[in-house]
Amino acid sequence: TLFPYTTLFRSANTILKEQRSNIDERTAELCTLRDLAYRAKEAVLAGNIDEIGLLLHENWLLKKRLASGVTDPEIDAMYFAGLSAGAIGGKVAGAGGGGFLMLYCPKAKQDAVRDALHGYRELPFSISRDGAKIAFNINT
């Protein structure tokens, strides 16, 4: 999994406000997003980690429908460059509109994806049972 920094800043509040105002019209998408989380759990428990990439891609397509600011042309270009180079799926962390783009790709494709996104800073990360921790300062 790669985690390139988009270098874009956005107001999460604006995106989240629009998402909240769209809830009644986006119930089907929200239910499907919930179901993807259950499918992801099953994939992890079954040891089918590559399935997570496919589920992230489905999530990407649905999340873009929740509010207009979730993505923009630059983020879309990053995402599709990653897919073209071998990533299976991904998502913008948080509300969207900037920040970090997480891409899942098989280990054999990681160098190709890094090359495709060479203009962006990659954030190393790890999964922990301790929950989220701030470990990145954009000024460094």
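The values are calculated or read from the model by the stated rules, or taken from the named source; none is laboratory data. Computed from a prediction, not measured in an experiment: that's the story for all the values here. Each accessible area value is taken on the protein alone, full model and side chains, heavy atoms only, with ligands, DNA and RNA left out. Shrake-Rupley method; radii C 1.70, N 1.55, O 1.52, S 1.80 Å.
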Using 0.36 nm times the number of residues separating LYS41 and SER128, minus their current alpha carbon distance, what extension gain do you get?
29.7 nm
Heavy-atom accessible area of LEU36, protein chains in place, probe 1.4 angstrom, given in Å² to nearest 10, is 10 Å²
Can you sort TYR120, TYR104, TYR79 by solvent-accessible area, 1.4 Å probe, largest first?
TYR120, TYR104, TYR79
So how much slack lies between ALA108 and LEU30, counting 0.36 nm per residue of separation and subtracting their Cα-Cα distance, in nm?
24.8 nm
